[in-house]
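Laboratory data are not the source of any read-out in this text; all were calculated from the coordinates shown. Remember, predicted model here, so these are calculated numbers, not experimental data. No Cβ is skipped: glycine too gets one built from the backbone with ideal geometry, and neighbour counts run over all protein chains shown.
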Amino acid sequence: MDAFLVSTGIVALAEIGDKTQLLAFLLAARFRRPLPIVFGIFAATIANHAFAAAVGALVGKLLGPDVMRWVLGLAFIGMAAWVMVPDDIDAEEAAPARFGVFLTTVIAFFLAEMGDKTQVATVALAARYSSAVAVVAGTTLGMMLANVPAVYFGDRIAGRVPLRLVHGIAALIFLVLGLATLFGLGRNLGF
């Protein structure tokens, strides 16, 4: 359960203001068909994060727990810095509409998520926890928690959410998690 809950929280925080969340806004504004967009985000996230978790599980087995503590701690600290870098997205990153709303969303999200901070977080979490399924379920839920409201309410909430404040809070949380992990304080919390 720890793997699921930690994965959900980390990805939900990392996704706020991320380029894939901006892509969700863009697709919602372009197509105005939220349900196929939400299902496309879900399908792309499952595929992308399953791949990332497989890589993370392999890395976790190869490095061992002591090295993984340092890797995960430094990854959290790196995520704190990365969260503070604002994302933007080119309108061209959305795949052409000739594939329909669902497939356009799947393709665009899968490609936008490659090398993204939430994918990197999924690799790190899967390396830390023994249950890749719980990590993928958690990271997918975190992704959906951040992106479904963007699809349905994006135009109404975009101007009201101070992204700089949200990024600052997320960065602080990642920094604390990273330091706690490096100093061994997170063992009781599962990291």
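Computed values, structure above
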{"item": "Efficiency of FRET from Cβ geometry, Met84 and Arg32, R₀ 30 Å, rounded to 0.05", "result": "0.40"}
{"item": "10 Å binning of all Cα-Cα separations within the range 1-85, expressed as whole percents from 0 upward", "result": "14, 38, 33, 12, 3"}
